[in-house]
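The values are calculated or read from the model by the stated rules, or taken from the named source; none is laboratory data. None of these values were measured; they are calculated from a predicted model. Glycine gets a Cβ as well: all are built from the backbone with ideal geometry, and neighbour counts include every protein chain shown. Accessible surface is based on the protein model in full, side chains and every heavy atom, while ligands, DNA and RNA are left aside. Shrake-Rupley method; radii C 1.70, N 1.55, O 1.52, S 1.80 Å.
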Amino acid sequence: MINHLRRVLDRNQFYGVLSRYETALSLYTRYCKERNLEELKDLYEFQNRPDLIAFVHVKKAHATQDSNERKEHLRAALSYYKQANSFAAKVRL
């Protein structure tokens with residue numbers, strides 16, 4: 001059912017519907033962690049969670065054998081972690 005909704009709704013509509021149903025969101029997140037990291041990254045971008053986007057890049061870096069691709073994912077992860085830390089610092093002020 002969730003994958004059917006993903007196909008028929010645009011990205012914002014789909015994530016908006018998912019965000020209203022905690023169980024569906026949890027199941028979809030778990031599915032993406034196991035099978036579709038790009039979709040997981042899109043979900044985290046929608047939720048504005050740079051810390052979790054960084055986590056996806058670390059997983060992708062770990063999964064690849066190509067050293068250049070690994071470096072790019074690790075650089076992206078570092079950038080998102082810095083963004084997350086910057087946001088956290090602003091919230092504390």
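Is it the case that segment 35-45 has a residue that's part of a helix (DSSP H, G or I), free of Cβ contacts under 8 Å to residues at least 60 places away in the same chain and open to solvent by 80 Å² or more (accessible area, probe 1.4 Å)? Taking every residue of segment 35-45 in turn, at least one turns out to be part of a helix (DSSP H, G or I), free of Cβ contacts under 8 Å to residues at least 60 places away in the same chain and open to solvent by 80 Å² or more (accessible area, probe 1.4 Å). Looking across segment 32-54, the residues that are touching a Leu at 6+ places or on another chain (Cβ under 9 Å) and not hydrophobic (A, V, I, L, M, F, W, C) come down to K33, K41, Y44, R49.
Could you tell me whether segment 53-66 includes any residue that is of a type in the set (S, T, N, Q) and buried (at least 16 other Cβ atoms within 10 Å of the Cβ)? Reasoning before the result, please.
Initially, segment 53-66 is screened for residues of a type in the set (S, T, N, Q), giving 64-65.
Of the ones still in play, those that are also buried (at least 16 other Cβ atoms within 10 Å of the Cβ) are none.
Within segment 53-66 (the criterion being of a type in the set (S, T, N, Q) and buried (at least 16 other Cβ atoms within 10 Å of the Cβ)), the answer is no, since none of the residues qualifies.
Any residue in segment 72-85 that is at pLDDT below 95, open to solvent by 50 Å² or more (accessible area, probe 1.4 Å), over 13 Å from the mean Cα position of the chain (by Cα) and charged (D, E, K, R)? Yes, that holds for at least one residue. The residues of segment 1-34 that are open to solvent by 80 Å² or more (accessible area, probe 1.4 Å) and of a type in the set (S, T, N, Q), listed by number, are N12, Q13, T23.
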